[in-house]
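First the structure, in the form of structure tokens, and then the observations on it.
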Amino acid sequence: NAGLARVRITSVGAIEGFTGTDIAGNFYVQVGAFSMKSNAERLAARLSASGFEKTRVEEADVDGTTFWRVQAGVFPSLNAAEEGKERLAREFPGAFVIADR
């Protein structure tokens with residue numbers, strides 16, 4: 001779909017937190033984006049109640065339109081986030097992992 005692409009990232013230097021098989025850090029799984037904040041907050045509350053206590057709603061401006069992104073987490077490593085994404089993808093097939101800024 002427009003706006004989505006799979007990418008592969010290759011490092012030419014050291015990666016902070018890389019242990020050889022995983023990357024430590026704060027990661028989230030984005031499960032949705034809404035134009036109505038109340039819908040995003042409702043989903044975030046449901047995810048928090050189901051065990052994703054640090055789920056957050058992030059405001060984003062995309063070409064002048066405000067969206068509210070629902071991000072489940074927080075996961076302590078990339079591998080943990082990928083596992084979380086697999087669990088969440090059953091209900092949210094477009095879910096994807098993001099690193100905290």
When the residues of the range 59-73 are narrowed to those that are crowded, with 16+ Cβ neighbours inside 10 Å and modelled with pLDDT of 95 or more, which ends up farthest from F27 (Cα to Cα)? F67
Looking at V97, is it touching a helix residue (DSSP H, G or I) at 6+ places or on another chain (Cβ under 8 Å), touching a residue at least 24 places away in the same chain (Cβ under 8 Å) and open to solvent by less than 70 Å² (accessible area, probe 1.4 Å)? yes
Among the residues of the range 18-48, which ones are assigned to a loop (DSSP other than H, G, I, E, B) and either touching a helix residue (DSSP H, G or I) at 6+ places or on another chain (Cβ under 6 Å) or without any contact (Cβ under 8 Å) to a residue 40 or more places away in the chain (or both)? T19, G20, D22, S35, M36
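The values are calculated or read from the model by the stated rules, or taken from the named source; none is laboratory data. Treat the numbers as computed from the prediction; the structure is a model and nothing was measured. Don't worry about glycine lacking a Cβ; one is built from the backbone with ideal geometry, like all the others, and counts go over all protein chains shown. We work out accessible area using only protein heavy atoms, side chains counted, and drop any ligands, DNA or RNA first. Shrake-Rupley method; radii C 1.70, N 1.55, O 1.52, S 1.80 Å.
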